Amino acid sequence: MLLFNICLLVAAVLTPPSLRWLYSTHMILLCLYQIFRKDWLGLILVLISLVSLISHNIWQERSLVYQHQDYFLDLDQGCWFTSGETVLETILVKQSGGGAVFAPCHAVAEVINGRPVVPVVANPRGDYRERYAFAKGVDAVVYLYGEVAASDWYFKSLSHFPSWRFAYSIIKGDRSGWSERDRWLVNHLGIAHLFVVSGLHVGFVCVLALLLSKVIWLMLPKVRVLGIWRCHLDALLVIPLAFLYAYWSGAGEPAIRAALMALIGFSLRAVCLKVSVFQVLLVSAWCMLLVWPGRVLDPSFWLSFSFVALICITLKRSVSVGRFIEMQVLLSMFAVLLTLGWQVELSGLTILVNMVLVPFVAFVWFPIAWVALLEGFLFQSTNVYELFDGALVYAYQLIEPLLVDVPTLFLISLPSLQIKLLLIILAYYFVAWLPKRKVWLVMGCLIFAVKQSSEPSTTVRIWERASAEQSIIEWKHERGEMYYHAQDSTKIGDHVIALNVIVSDVARAAIVNDWRLAILSEQRIAEKGLLEAMSVPVIHLQPSEKLYISFAQGIWEAESSDCYQLLNVLKTVACEHAELLESVLNYSQLETGGLGVRAF
């Protein structure tokens, strides 16, 4: 029943506006059917889900008119203000190393220096930035590129140790002290999940709390005389410590989710109710969606529950000897599959590094960092971490050449959604085969399937249409970096391509500038027929669509982010955009004799 209610909440968010009448009709029929069957518990759960949807008003139409107003941020006071009327309430400000939710300033007259910004309004059917704002439950999001969020470094006496910037990231999630080389190395090794506060770190706290509970249970026999069972002691230690750590680390959603799982699981265990871990996951997921149904668009929401479910399946099906090693290997393989489309390359030692670092961080680095904080707070000394830092730096200096020089695993840069889903479903299916030995061969084949045979081609251009009202944005790849570029036309090789047509005489501009391709907006779509009659192909990018243009082995390649096809028979219009662009870049010289538009 809980799974059914989760599906109801997910469907409410994903249902397009044109089919909402169908969703509402099904909800009415479902409630009548449960009344007919006298399934009162199921009816109550469904009504709770519907009350959550109505109270949050997730179907609210968000107007884009107020986007054109002037918005300002007061970074000192942590608030925002605008020059006119607006319906925005909360704005999420994302900076390098962190983010914070800003509320409207109460005393606008006292704000002297405000930073002008352009907020991206939440929209469940917009681009990735609009969907991100909707998933976080805020009205808009603002990205401050190139700026570092203010750090609350406690006990600055520890900051001079070379490894403390990583230790502080492990326990607090603050990466403001990292250099660009640190970020590259951590991403290259595939261990970024260890340096952000997530459910994994709350799991570390729970494990340490259980160890402390065991020590108290063995060393203080009087606890048993008080009528306290071991399950009661576990709950009394694990639940408060999990929520205290989640709050201290910034109350991030992954930490809150893990703390909620600990609350439900250990509470049921304390009252002697035996339930499966999957039921605990369902209750936790349903509660999180009741608080804000828009979380269904947050990838981290699904990753948290899917990885916990994977851990449970692995521990249940693996043999007792070496099951933790098997679990680590499988989780690392799944992490490689999930990086498809996010990272182009990974170190060949990714799985091995994760197998070594995860237990090392959980049982050594994480508790020592906490001991160092307590030592600094109570005794104003750094003796413990000084010894640990010396040993850690010495060990790293020995293995650093191996970490940097190991061969790189190049991944498929733009896998389709169908390929990713197929690989993940197959991986989950093969986990069900445990403890059979052939599962490792199959998982290895899956990892090999996502590997490219050679170094990937360089993406030289990215064309993006962020929303319906924005013009085409171009990103250029030069000297290893991507540069933002916004202009009326661009040139790829000898081909002149019109990105944003603003001239009044389109025909004259096409002839004078020798356009080989034109990208039109809705305002100029009426001129599509004229340009096509002049042998100028036209592409109309959809909102949130991206075109990736790369050059490899003397051939231009183009891929669209919105291209979906089935056996090359059924395909979306975005696939035709990529095919048309490839034909223009590779074959236009042959078709027109090198004259381009002048052949007309």
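Among residues of the range 1-24 that are closer than 13 Å to Pro124 by Cβ, those with a beta-carbon under 7 Å from a residue that is open to solvent by 40 Å² or more (accessible area, probe 1.4 Å) at least six positions away or on a different chain give the pairs Val13/Leu297; Arg20/Trp59.
Of all residue pairs spaced 6 or more apart or on separate chains, those with beta-carbon atoms under 6 Å, a first member in the range 82-103 that is within 13 Å of Val142 (Cα to Cα) and a second member that is open to solvent by 60 Å² or more (accessible area, probe 1.4 Å) and at pLDDT below 80 are Ser96/Val148. Ala251 satisfies every condition listed in (1) in contact (Cβ under 8 Å) with a residue 24 or more places away in the chain; (2) within 27 Å of Tyr128 (Cβ to Cβ) except (1). So, in the range 484-511, of the ones that are at pLDDT 75 or above and open to solvent by 60 Å² or more (accessible area, probe 1.4 Å), which residue ends up nearest to Met534 (Cα to Cα)? Here the answer is Ile511. Which of the numbered conditions does Leu273 fail, given that it passes all the others? Conditions: (1) at pLDDT below 90; (2) open to solvent by less than 30 Å² (accessible area, probe 1.4 Å); (3) among the aliphatic types (A, V, I, L, M). Unmet for Leu273, out of (1) at pLDDT below 90; (2) open to solvent by less than 30 Å² (accessible area, probe 1.4 Å); (3) among the aliphatic types (A, V, I, L, M): (2). Number of residues in the range 359-386 that are assigned to a loop (DSSP other than H, G, I, E, B) and open to solvent by 60 Å² or more (accessible area, probe 1.4 Å) equals 1. Of everything listed in (1) in contact with a Phe, Trp or Tyr (Cβ under 8 Å, 6 or more places away or on another chain); (2) β-branched (Val, Ile, Thr); (3) surrounded by fewer than 20 Cβ atoms within 10 Å (Cβ to Cβ), the single unmet condition for Val238 is (3).
You will find that of Leu387, Leu374, Leu338, Leu378, the residue that is aliphatic (A, V, I, L, M), farther than 20 Å from Ala192 by Cβ and modelled with pLDDT under 85 is Leu378 and no other.
Taking the criterion of being polar (S, T, N, Q) and over 23 Å from Ile48 (Cα atoms), the residues of the range 254-310 that qualify are Ser276, Ser300, Ser304, Ser306.
Residue by residue, here is whether (1) exposed (fewer than 12 other Cβ atoms within 10 Å of the Cβ); (2) under 25 Å from the mean Cα position of the chain (by Cα); (3) in a helix (DSSP H, G or I) holds:
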position: Ser24; (1), (2), (3): no, no, yes
position: Met27; (1), (2), (3): no, no, yes
position: Leu32; (1), (2), (3): yes, no, yes
position: Phe36; (1), (2), (3): yes, no, yes
position: Val51; (1), (2), (3): yes, no, yes
position: Trp59; (1), (2), (3): no, yes, no
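Evaluation of Phe243 against the conditions (1) open to solvent by less than 80 Å² (accessible area, probe 1.4 Å); (2) part of a helix (DSSP H, G or I); (3) modelled with pLDDT under 90 shows that the sole unmet condition is (3). Residues in the range 179-190 that are in a loop (DSSP other than H, G, I, E, B) and surrounded by fewer than 20 Cβ atoms within 10 Å (Cβ to Cβ): Ser179 alone.
On the given criteria, is Val10 over 28 Å from Ala133 (Cβ atoms) and β-branched (Val, Ile, Thr)? No.
Going through (1) in a loop (DSSP other than H, G, I, E, B); (2) farther than 30 Å from Ser347 by Cα one by one, Cys206 falls short only on (1).
Here Gly173 fulfils each of the conditions (1) at positive phi; (2) open to solvent by 50 Å² or more (accessible area, probe 1.4 Å) apart from (2). As an exercise: evaluate Leu263 against (1) open to solvent by 40 Å² or more (accessible area, probe 1.4 Å); (2) free of Cβ contacts under 8 Å to residues at least 24 places away in the same chain and give the number of the one condition it does not meet. The number of the failed condition is (2).
The values are calculated or read from the model by the stated rules, or taken from the named source; none is laboratory data. Treat the numbers as computed from the prediction; the structure is a model and nothing was measured. Because the Cβ atoms are built from the backbone with ideal geometry, glycine has one as well, and the counts that use them run over all protein chains shown. With ligands, DNA and RNA removed, areas are computed over all heavy atoms of the protein, side chains included. Shrake-Rupley method; radii C 1.70, N 1.55, O 1.52, S 1.80 Å.
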